[in-house]
1. To the nearest 20 debye, what charge dipole does the chain have about its Cα centre, counting +1 at the Cβ of each Lys and Arg and -1 at the Cβ of each Asp and Glu?
2. Tell me the relative contact order for the chain as a rounded percent, counting alpha carbon contacts under 8 Å between residues six or more apart.
3. Report the charge-dipole magnitude of the range 61-152 in Debye, nearest 20, computed about the Cα centre from +1 at each Lys and Arg Cβ and -1 at each Asp and Glu Cβ.
4. Could you point to the residue in Ala31, Ser315, Leu248 farthest towards the positive end of the chain's charge dipole, with +1 and -1 charges on the Cβ of Lys/Arg and Asp/Glu respectively?
5. Averaged per residue, what accessible surface does the range 178-336 expose to a 1.4 Å probe, in Å²?
6. Of Pro130, Ala162, Ser262, whose Cα points farthest to the positive end of the dipole of the chain (charges on the beta-carbon: +1 Lys, Arg; -1 Asp, Glu; origin at the Cα centre)?
7. Can you give me the % of accessible surface on the chain that is carbon or sulfur? Probe 1.4 Å, all protein chains present, nothing else counted.
8. Helix 129-144: angle to the longest alpha-carbon principal axis of the chain, degrees 0 to 90, nearest 10?
Amino acid sequence: MRGIAWGPRAEVDPHAYPQWSIFLLSAAALAYEVLLTRLFSIVQWHHFAYMVISLALLGYGASGSLLTLARAWVVPRFRGVYIAGAALFGVSAVACFLLAQQIPFNTLEMLWDRRQWLWLAGTYLLLFVPFFFAASCVCLAFQRFGDRIPRIYSFDLLGAGAGSLAVIFGLYVLAPISLLQVLGLVGLLAAAVAGFELRLRAAWRLALGWALLAVALLHLPETWLQLRPSEYKELTQTLRIPGTRVLLERSSPLGLISVVESRQTPLRHAPGLSLNSDAEPPAQLGVFTDGDGLTPITRFQGDRADLAYLDQMSSALAYHVREPDRVLILGAGGGGEVLQAIYHDAPEIQAVELNPQV
């Protein structure tokens, strides 16, 4: 590209070094790490969310090792490598997760299907790439501007803290996959900001190119952006029932809440109900957190007779052993245990639920 010196002769002004681009990159990288824990909880199970930490460490370690070996080549080409790394973080943050969803990894088959270990390794190799590019930019800045490490590192830490907080609030506002797109845009913004901070002559033209790429990231086909939860999750299985549909979804750092209705085949969820029960639960909605952990919302219009089935569940035993003056329900969920306490005329009921959206 004319006007941009990418080769070893491209001298960097010693007073022009990346600060705010480092801030943006660190914020996006830490936010991406937190977001991946949410995405893994949704598409797999929460157990695999913790492997994101090892993914980040793998990316940071690999970038440091490679840049140490290639220092003589990359440092003279600092501007080109740095800006490319920032832009590649933005693109790979979105692309690598979408590609990872295409891998047929199934956690439940790992004990007897050896191919699942290869699929898991493939997932690792894809998802460590964004961390590699983000860490390479920070490491390269340290190598090139050794006398300014304290200031660069301060922007790195401030960005990491800001990104960790921002993603928490972002999960209340945006769906996880939409937030993933936003983090990709932040990577491209960091590349554009770096062009101005490093005083490139063609910074405006370069920024325009990143802006066009950002528009492309925002207009990816909807089918590409759909989350693909495991086929063995409760929500996936429930949606296979004819006439079942998702009424609404709400996102938060505590989980992706999905409310499901089934008109053709009514939902009936009453764990512990006696096989000899002669009472039928009223109409129910199903509430799922990250596609699992079904809890029902039972229709109750004030007639206690509609709740007779709750007296034929194993959890009703406590009310027959003694008549409690107060009832504390931890994890109220859809309110089934609250209705059970109402049915048994508990004088005082206190219910606690971790997720306010539930």
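The values are calculated or read from the model by the stated rules, or taken from the named source; none is laboratory data. Because the structure is a prediction, the values reported are computed rather than measured. Cβ atoms come from the backbone with ideal geometry, glycine included; neighbour counts cover every protein chain shown. Keep in mind that these areas ignore ligands, DNA and RNA; they rest on the heavy atoms of the full protein, side chains included. Shrake-Rupley method; radii C 1.70, N 1.55, O 1.52, S 1.80 Å.
1. 2140
2. Working: 553 pairs, mean separation 65.5, N = 358.
Dividing the mean separation by the residue count of the chain yields 18 percent.
3. That gives the range 61-152 a dipole magnitude of about 440 debye.
4. Value computed over the given set: Ala31.
5. Using a 1.4 Å probe on heavy atoms only, each residue of the range 178-336 averages 56 Å².
6. The residue sitting farthest along the positive end of the dipole is Pro130.
7. 63
8. Roughly 40 degrees, rounded to the nearest 10.
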